[in-house]
1. For residue B:512, state whether it is in a helix (DSSP H, G or I) and of a type in the set (Val, Ile, Thr).
2. Under the condition of being closer than 17 Å to residue B:20 by Cβ, over 26 Å from the mean Cα position of the chain (by Cα) and open to solvent by less than 50 Å² (accessible area, probe 1.4 Å), which residue from the range B:57-91 is farthest from ligand 4 (Cβ to nearest atom)?
3. Between a first residue in the range D:168-181 that is away from every other protein chain (no Cβ under 13 Å) and a second residue that is of a type in the set (Gly, Ala, Ser) and open to solvent by less than 50 Å² (accessible area, probe 1.4 Å), which pairs have beta carbons less than 7 Å apart while being 6 or more apart in sequence or on different chains?
4. Have a look at B:342, B:304, B:376, B:390 and point out the one that is open to solvent by 10 Å² or more (accessible area, probe 1.4 Å), of a type in the set (Val, Ile, Thr), free of Cβ contacts under 8 Å to residues at least 60 places away in the same chain and away from ligand 3 (no atom under 16 Å from the Cβ).
5. Could we say that residue B:193 is away from chain D (no Cβ under 14 Å), under 20 Å from the mean Cα position of the chain (by Cα), more than 16 Å from ligand 1 (Cβ to nearest atom) and closer than 29 Å to residue B:21 by Cβ here?
6. Can you tell me which residue is farthest from ligand 4 (Cβ to nearest atom) among those in the range B:196-221 that are more than 22 Å from the chain's Cα centre (by Cα) and not in a helix (DSSP H, G or I)?
7. For the range D:29-66, what are the residues that are of a type outside the set (S, T, N, Q), part of a helix (DSSP H, G or I) and open to solvent by 10 Å² or more (accessible area, probe 1.4 Å)?
8. Does residue A:178 satisfy the condition of being in a helix (DSSP H, G or I), among the small types (Gly, Ala, Ser) and surrounded by 24 or more Cβ atoms within 10 Å (Cβ to Cβ)?
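The values are calculated or read from the model by the stated rules, or taken from the named source; none is laboratory data. Values in this document were obtained by computation on a predicted structure and should not be read as measured data. Here Cβ is always computed from backbone atoms with ideal geometry, including for glycine, and neighbour counts include all displayed protein chains. Note: areas computed on protein heavy atoms with side chains; ligands, DNA, RNA excluded. Shrake-Rupley method; radii C 1.70, N 1.55, O 1.52, S 1.80 Å.
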Amino acid sequence: MLSKTHKAGLLNFLSAQGILVFFLLCMFAFSLFSEQFLSQSNIMTVVRQASIIGIIAVGVTVVIIGGNLDLSVGSMLSFSTVLVVDLHDKIGPVGAILVMFALTLMLGAVNGFLVGFMRLNSLIVTLAMLSAIQGLVLIYSGGQNVDIANQSETWFSVFGQGYLLGIAVPVIIFALLAIIVQVVMSFTGYGRRIFAIGGNPVAAVYSGVRKNWCVFSTYLISAFCVACAALVLGSRVMGSQNNVGQGYELLVLAGIILGGTSLLGGAGSIWKTVIGVLILGFIQNGLLLLGYPYYTQWLVTWVIIILAVWLDLANKRKRLLTRHS
Amino acid sequence: MSTAVRTQTPGTSGQGEAPILSLVNITKKFPGVIALNKVSFDVRAGEVHALLGENGAGKSTLMKVLAGKHKPNGGQILLEGEEKVFDTPKRAKKSGIVLIHQEQSLVPEMSVAENIFLGSLPKKWGNRVDWKTLHRDSTEILDRLKCSFSSRDMVSDLSIAKKQMVEIARALVFTPKIVVFDEPTASLTDHEKPVLYDIINTLREQGVGIVYISHRMDEIFHLSQRISVLRDGEYNGTVNTADTNEDEVTKLMIGRSLELDHASKPKDFGENMLELRGLTVEGVFKDVSFNVRKGEIVGMYGLVGAGRSEVAETIFGLRKPSSGEILLDGQVERLRSSHDAVAEGIALVPEDRKDQGLILGMNCRDNMTLAGLQTVSWRGFMKSAAEKRVYDKYQQAMKIKTPSWRQKVGNLSGGNQQKIVIGKWLHTHPKLLILDEPTRGIDVGSKAEIHALIKELARSGYAVLVISSEMPEVLGVSNRIIAMYDGRVTAEFDGDAVSEDVLVQAITGQPVTAQSDTGSTAGHPAG
Amino acid sequence: EETYRIGITQNNVGVDSYQTTYESAFENAADELDNVDVVVLDAGGDVARQIGQVRNLIQQRVDAIIIWPTNGQAVIPAIRQAHRAGIPVVVTNSKIAEAGLDYIAAFSGPDNVQQGASSAEMMCEALDGQGQIVQIAGQPGYTTAMERSKGFEDRLAEACPDVEILETQPADWNREKAQRVMENFLTKYDDIDGVYAGDDNMGVGALNAAKSAGRAEDIAFIGATNFAVGYEAIERGEYYGSIYQSPVDDAEAALQTALDVLEGKEVPKMNFFETPKITADNLSEFDKPVF
Amino acid sequence: MIDMKRFMSGGAAIQPIWIFVIAITVFFSVMSDYFLSVGNLTNILVQTSTIGLIALGMTYVMINGNIDLSVGATLGLAASLSVGLQDHGLAVAVLAAITAGVVLGALNGLLVWKTGVNAFIVTLGAMIGVRGLIFVYTEEQSFYASNFAFSDFGASTIGPIPVLAIIFLACTLVMHLVLKKTGHGRNTFAVGGNPEAALDAGIRIGRNMMINFMIVGFFAALAGVLLATQMGASTPNLGRDYELWTITAVVLGGTKLTGGFGSITGTLGGVLAIGILRNGMNMMQVPAFYVLVILGVILISVLIIDQKINVKSSKGVQV
Ligand SMILES: Nc1ncnc2c1ncn2[C@@H]1O[C@H](COP(=O)(O)OP(=O)(O)OP(=O)(O)O)[C@@H](O)[C@H]1O
Ligand SMILES: Nc1ncnc2c1ncn2[C@@H]1O[C@H](COP(=O)(O)OP(=O)(O)OP(=O)(O)O)[C@@H](O)[C@H]1O
Ligand SMILES: [Mg+2]
Ligand SMILES: [Mg+2]
């Protein structure tokens, strides 16, 4: 009797965590064809590379759960990276980081104000911001690359290149952010309110939720994550160029979608996003190790997105049926 | 009258008439619920067959199965003796079945005419819409329904009642075999109801079979020839309307007689909890002044569109008053948002539970605690045990029917959804509770429970403002009644000493005559 | 004397420092001449937009059009239109396809095929004609990237057939992408002797990755379009060599060619400006690039 | 007052975006001598025809309540096919390109219909994947049409008006009439305005959506072919970012992202607004960096103005 329920529980768990199972299957398939794939150094490399997209995706997931979109993160990343790198030599690392965080949060606040308080459509607003911020970066840098002069002498390199207890600092930042935000979203009243707003904004307001502020705050979170990503990126490259984040918004979205967070708002979770981003990273890496041209990864991503989301939907329907009958 | 229930075996007709439609042993399962369990039901040509049942009994589901919206898990549909499979709404419609939905299903940014003929627009060659025919036919239908608006009006510009008339107009597009009305009067005013009854009678005379779902007994007894009752998804008998009475039908529905709510209205009032002084929102309502005391129930009565909900929304901080004052506990308050209002101890059970009351994709428990999160959290962190306790408390208190707290609210029946919304606000322990149409679409049993609950709340010190379009409800619960017409307060009455005639005068903008002593004063809950 | 109105449509200003520096150098050069008015446009990397800009310039009846093609083939019909409208066209920096040569007055710019070949020669030198290398190419589909790759691959096969290209991946002229690509190469191949990057920006990205992995010592890095970071890396001895290509020369040559054409001088069809190899040995002969 | 509201919100003949179009036209005419010439105006039409054609189809899809992010990639694929297959004959190449567009549209539509996955997700996947297809097919190469007839067509004119502009305007007219006058057009509104109601009324919403995805696929492919005729060539990167500008144009034209509301005339206005802004700023030699910022700011401003005009939708409640 007991073993039977245990078995059912395991099956239930597996079908509930479809994405995770899918992920493990992918890993397994790749490891059959490439020996390096599951090597410790390769895994470390992939996770480290995925952490920049991942850090941003954590923030954007919050925005999406709140029922909005943020397409401006790519441009914002260029902005923040160029800023922090350029200021590093001018006002020192501490000042550079502080100014960069402040200005990035300000951009987030502009998004948040337009979407939260002006109640404009987030897709178009952040699209417009994507263009405007890109222009701002170019105006700021005059179109020139920026570099940190004395690369070996600054502790700034720790964010992108450092290790702590054998784990790369970018990965630590990614994990910390993911855990904190996941806890906030699932265990606090604030998180509950964001879910409510994404689920039904009108009803949330009729329940006394300050929707404007909550939506505003999700964009601050997203901007904060972008600033963290910029820290990692700037420190990793020790320089930056104006088009550095171009197209990242789509990778971020692809990761979030792969994880199974619906774009309609009111549902989703951070850990799913983490998995989604990692799947993307490992696909990219796996195909590369197998020697396929880089663009095959786009085809594979297409197929996997459709499959993953479809399975997830089918699964949810089935799960509801089985749980209660 | 005999206490034995005269039920008939479905399919066999009492008067020897063959039914035009028979539903046989229909079963429908949803995740976690068996909504219909081998339900059989038939309709004869030229009769109004009323379908009754508590909230969640499965009435709408049965009709959706008939109209091809839900695929049944078992059973047959026989139309004129022939077995039919309705796997899409289109099929059902082609066979002559029209369903007037409980939830309005109109396309807002389209004209009235296009909505009436949705899915069957008259065409010229090349798939082009024949606008001339469309508007001519629509105008004709609107005339029959005595509607004052034009077929070219945008649906989004119409009031709820007018929208409902558009919905009803769909039944007249072609001569159908079966028309199902699912709670058509829930958002109609007394002005339109007689028109609807006329239409139903005309259809009936033309030999159309009509299914009529409603929670209002008076309508049912006025219109129907036979009454069938569903209970917990099971068929529970059919009776001839002429041979029965309300009590008997109620018993069939809820398994017991309805204890008429004799609980007395609260008596002891305290200080003013709420006072409005000349409150105005430009273009919506004007110069509204009244007060609600602690322990008192004030009813707000008026026709749909009179602006009552808007007053409530303004008190709740959702609209900015252009002039006037809101006083709470004797102090002038400036509420800038619903958040401020909740903080001041105001609660609003809104009129539209689907849009305004609930996060349909969230589970029951989370919806229940949404308005009072700080009471179930510690430094911002949720205490899930405390949440569960809150949910259990109100689930038991209001007998909310759900398989578990994890059920998505969107899957509950209308009445149970309404109870979740009420529970949500009770949990905040408000000083002032505003209920906007608290029993819209709620069955008689639950209605009585909710009325009793309202009185009890008032007795325990709550100040309660009840907005309703149902006279018996207003009369039944209120200590005082505020009548509104066209954005203005037209009169204020003592709830125990007002006649129905006078109230009607007050809400239709006629000069209020002296209190006639012929009208009965004390109402009782509907049913 | 009359003033000339010269319109220029650039490929994608802002995508990297080279193009930005080119733009300002071009404007400065034009400013210094009294008889030249310039209309400066940027196609943002989009072929269709560039074609529209050429049409706009024809519409404005400029005296000459300088075009930095976003794509060597797709702009030909637009150039043909200008040609038909009697407006001379000078192609700058990156070449257009054979079929279009009839319609242009002249080409001015670096010889990217030759640059690729020079890089190949440096690679041979650095590896003593033997080894395994990887290639990090510019943005796929763009002429400059393709020409450099082609020049490199052809010359390498010729000059030192024992140097094997293990793999080629694009990094879109982007340092961070190059860094990622290199990290993957490093995991995939235990033995890499050299890296050829389509420009120094990417080359330095690759160098960073190798340094992090502690394998930079064993690898020869060779780039193209010497950037300041590349120059410094050569100085430090971490980077083997690159191709010195000055955007200022590039811009000035283009403007001069256009003026020569307008003044009716005899101008050769192809005008390549010098792009010498630069390694630690001759570093001191060159100024550090400003970008 | 009511009339004014109708007028401004697009119920009447003139929509707010057209007022904006007229305003910037006047502005640029004053600022630049070259702007208001027949040649430049037809130029603008040719330049907007690419985004414009896609936007026609996108309007249908967005009125449906869906979105198609894959149009840029579809355009690129069609362009490559129409040039790359010319060895088999021009007609075959063009036909194959158009077919590819329609098939990809059908695939998107089918997935949205049958799986119930959000169109944004389905077409985001397609956007990434179809670009991959292009690269697989072209192996990163640009194609060049040896047949000059192909690019001559792109440059040909009838009288003073370029053929491409005529094709664009003709398509606009047809799509306008289909949307306004036919059963399919009206059903498109119904499906977007209230899918549940449309379903209840017997409209086959899946089929309707799929047809609209095929329409947008067709127009993306057509735009790709026509763009290829302008260049006599194709590049694998062709059409990057076009989806964003197309959506922007459609939204500027008053079509609601939530579906159920929109018009082809508005879309035409939106497309022209962007085209004129770009052209005019070129004429005025606004530096490229500032163009990006200005476009962003204008976009947000139009959105704000549009919202101020359409207050009725929020019914005054501060939600
Ligand atoms: N889509 C659905 N998914 C899951 N359960 C459903 C769904 N629709 C209805 N139900 C369940 O089926 C049962 C019957 O619902 P139905 O709407 O038919 O009740 P009803 O008799 O019309 O009630 P009311 O008077 O409140 O309208 C309810 O328990 C409801 O929770
Ligand atoms: N003729 C109309 N045209 C446009 N909108 C209308 C019209 N009539 C009402 N409305 C809108 O419909 C909404 C519903 O108003 P409602 O009928 O709820 O007022 P009410 O007096 O609160 O009535 P009730 O509470 O009985 O529904 C209001 O927001 C109002 O603005
Ligand atoms: Mg019902
Ligand atoms: Mg109301």
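1. The answer is no for residue B:512.
2. B:78
3. Note: pairs meeting the criteria are D:168/D:49; D:168/D:52.
4. B:390
5. Considered against the rule, which asks whether it is away from chain D (no Cβ under 14 Å), under 20 Å from the mean Cα position of the chain (by Cα), more than 16 Å from ligand 1 (Cβ to nearest atom) and closer than 29 Å to residue B:21 by Cβ, residue B:193 comes out as yes.
6. Checking each candidate, the answer is B:207.
7. D:30, D:31, D:38, D:39, D:41, D:45, D:51
8. no
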